[in-house]
Amino acid sequence: MEIIQVNELSKKAYQIRKLTLELLCEAKSGHTGGSLSEADILSVLYFSKMNIDPAKPDWEDRDRFILSKGHACPALYATLALKGYFPLESLSTLRKLGSKLQGHPDMKRTLGIDISTGSLGQGLSAGLGMALASRLLKKQNRIYVLLGCGELQEGQVWEAAMAAAHYKAANLTAIIDYNRLQIDGSNSEVMELSPLADKWRSFGWKVIEIDGHNIEQIVNAFEEAKQTVDCPSVIIAKTVKGKGVSFIENQVGWHGRVPTKEELAKALIELDERMKTL
Amino acid sequence: MASGLTYTMLDATKLSTSEIYGAVLCELGEKHPDIVGFSADLAKSTKIGLFQKKFPDRFFNVGIAEQNMFGIAAGMAKAGLTPFVSTFAIFATMRALDQVHTDICYQNLNVKIIATHGGLSFGQAGSTHHCTEDLSIMRSMANCQVIVPADGIETANAVEAAYYTPGPIYIRINRGFDRRFYDRAEYGFKIGKAVKLTEGTDITIIACGSCVYQAVEAANILANADGIKARVLDMHTIKPIDKEAILEAVHDTRRIITVEDHNVIGGLGSAVAEVIAGSGKGCAFERLGIPDTFSIIGLHEDLMAYYKIDTNGILECARELLGRDFEADDDWEDEV
């Protein structure tokens, strides 16, 4: 992969982060940590991997993306706006009275959202339904589902994992934003997830473990998933919650709080500086 | 129904209600390749297995995992297919309620939930398999229509109508055989429109599901033994409820009994009460159903007798209601 393309995708991820923090600050509530940790993954999906067209959001043959960790939608809204699904200015309506941009994504209200989410643990089932429908309808598209690590504690995820392997849904790719923190603490303190790769492997999935902030690894992982034809794939992306802003990184408290104006200013300076080093 | 389903009255006498459902779904599936079927290891019990046999590539037995099943169905509906999902009523409306609520009703997806073993019809299996809360639950799901057919023929009509009606629909049928009530399919079934089964001016009995047969039996006895003219409405659609038929009954008979195989809270009786209360018109009113309790076990017909939602229970209630002192109102004629 060319350096220049990697840098472009990294830059997009930083833009996603900056927009995310701005709109969260404006909304005065929302989920910061998990939005920042998934930014690089969203950048690669929306600006490199997914076969989509913002001018035709209902195009039948498009790839689908499900944000199963629906609370981390600020970063998705920023991504969709950058991609051209709706104007950047509308991002400032997040969480406001009657806004199309809810605190958890609503496909009936927001262009580019393939399924509404918010109740954790449900996205993989919906994604499997889409994957099986694509097979029945003889379509070549791919279905991507991004899950949080905490939501893997929901039993339904494993029902879906078992079923996806049973149906050999190779057109389905799950990505786990494995930042290892959830509302009440670390995964280990709340409910241990490891050995995570072994769990998925034993369920019959192709497991690809990567650094979720390394653009090249993310790109290659999606390619490897695409080449896997006999089973679904899961990309376990090790990430840092709050990635990109030093005072937000790895802080449990930043799961559901937003930056003040002063914190935002500080964060934007840091993100700009990091961007310059690309 | 106009589409010419080929099941016959002969079939209807031989088949259980869910077998008729399975047969109708097979006929619909023949004509409509967008129909897909789902069950959670209850394909045989719910009879959606008939569809599975005919269209193995379009059927998904997801194992004993109802939550996942409704999620997959939602994804398929979003991709343009029309899922029919069958499991027991108690699992569809409680085990997987979050998925039914968030994945299907909230997103107004075109998923048809055909739930079997409703009410007390799984009698001897015990209270974990009775389902006397589903109508209350499903009625409060925005976007969702709720239908309780009276017998196999009405089930056939409801299932067919559900296919042609976009959006989520919950159809509740019983386990096993229902007493056949309708003798032909062409009686003008329409979602949201009650069927007037007997004319009457003294009292109206509004029933759904297995209680419809009992209500008509009670009306016959009232006519023959008591000289009382009871109107019976088959209120097969609990939501949207037929307000017009209810208000007409209030006006014409001033006495209404509702009867359902469901908790008296939140189902047919509550839906009718809401319409009456909202109209501001006076009416003597009783709800028959399961009296806000977890049911005892027994055969379905014995349980219906025990909870007084059978012919005798309806008779007793009707006679009591007719004996009540009821204040006349000179302005009744002005109210319609």
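The values are calculated or read from the model by the stated rules, or taken from the named source; none is laboratory data. Here the structure is a predicted model, which means the values were calculated and not measured. So basically every Cβ, Gly included, is an ideal-geometry build from the backbone, and we count neighbours across all protein chains shown.
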Q: Looking only at region A:60-81, decide whether some residue is surrounded by fewer than 21 Cβ atoms within 10 Å (Cβ to Cβ) and of a type in the set (G, A, S).
A: no
Q. Hey, does region A:22-38 have a residue that's assigned to a loop (DSSP other than H, G, I, E, B) and within 26 Å of A:N220 (Cα to Cα)?
A. yes
(Q) Quick test of your reading of the structure: B:I309 fulfils all but one of (1) more than 15 Å from B:V148 (Cα to Cα); (2) assigned to a helix (DSSP H, G or I). Name the failing condition by number. (A) (2)
Q: From the list B:G269, B:G278, pick out the single residue that is at pLDDT 95 or above, more than 15 Å from B:H130 (Cβ to Cβ) and surrounded by fewer than 15 Cβ atoms within 10 Å (Cβ to Cβ).
A: B:G278
Q: Could you check B:G126 against (1) at pLDDT below 95; (2) within 14 Å of chain A (Cβ to nearest Cβ) and say which number it fails?
A: (2)
**Q.** Conditions (1) in a loop (DSSP other than H, G, I, E, B); (2) surrounded by fewer than 24 Cβ atoms within 10 Å (Cβ to Cβ); number of the one not met by A:K199
**A.** (1)
Q: Considering only region B:61-80, state which residues are within 7 Å of chain A (Cβ to nearest Cβ) and either assigned to a helix (DSSP H, G or I) or of a type outside the set (G, A, S) (or both).
A: B:V62, B:Q67, B:N68, B:G71, B:I72, B:A73, B:A74, B:G75, B:M76, B:K78
Q: Using the structure shown, decide if B:A249 is without any contact (Cβ under 8 Å) to a residue 40 or more places away in the chain and either in a helix (DSSP H, G or I) or among the aromatic types (F, W, Y) (or both).
A: no
Q. Given B:A92, B:A115, which one is within 19 Å of A:G121 (Cβ to Cβ), in contact with a strand residue (DSSP E or B) (Cβ under 6 Å, 6 or more places away or on another chain) and not assigned by TED's automatic domain parsing to the domain that holds B:C211?
A. B:A92
(Q) What pairs come out if I take residues in region B:298-311 that are touching a residue at least 12 places away in the same chain (Cβ under 8 Å) and pair them with residues that are surrounded by 17 or more Cβ atoms within 10 Å (Cβ to Cβ) and polar (S, T, N, Q) whose C-beta lies under 6 Å away, six or more apart or interchain? (A) B:H300/B:S121; B:D310/B:Q214; B:T311/B:Q214
Q: State all residues of region B:81-103 that are touching a residue at least 24 places away in the same chain (Cβ under 8 Å) and within 7 Å of chain A (Cβ to nearest Cβ); if no residue qualifies, say none.
A: B:L81, B:D98, B:Q99, B:D103
Q.
What are the pairs with Cβ atoms under 8 angstrom where one residue, in region A:92-109, is farther than 17 Å from A:K28 by Cα and the other, located anywhere, is of a type in the set (D, E)? Sequence gap at least six, or different chains.
A. A:M107/A:D114
Q. Which numbered condition trips up B:E30, out of (1) of a type outside the set (V, I, T); (2) without any contact (Cβ under 8 Å) to a residue 60 or more places away in the chain; (3) over 30 Å from A:D58 (Cβ atoms)?
A. (3)
Q: Determine whether region B:59-80 contains at least one residue that is touching a residue at least 60 places away in the same chain (Cβ under 8 Å) and either outside the structural domain of B:A142 (by TED's automatic domain parsing) or on the phi < 0 side of the Ramachandran plot (or both).
A: no
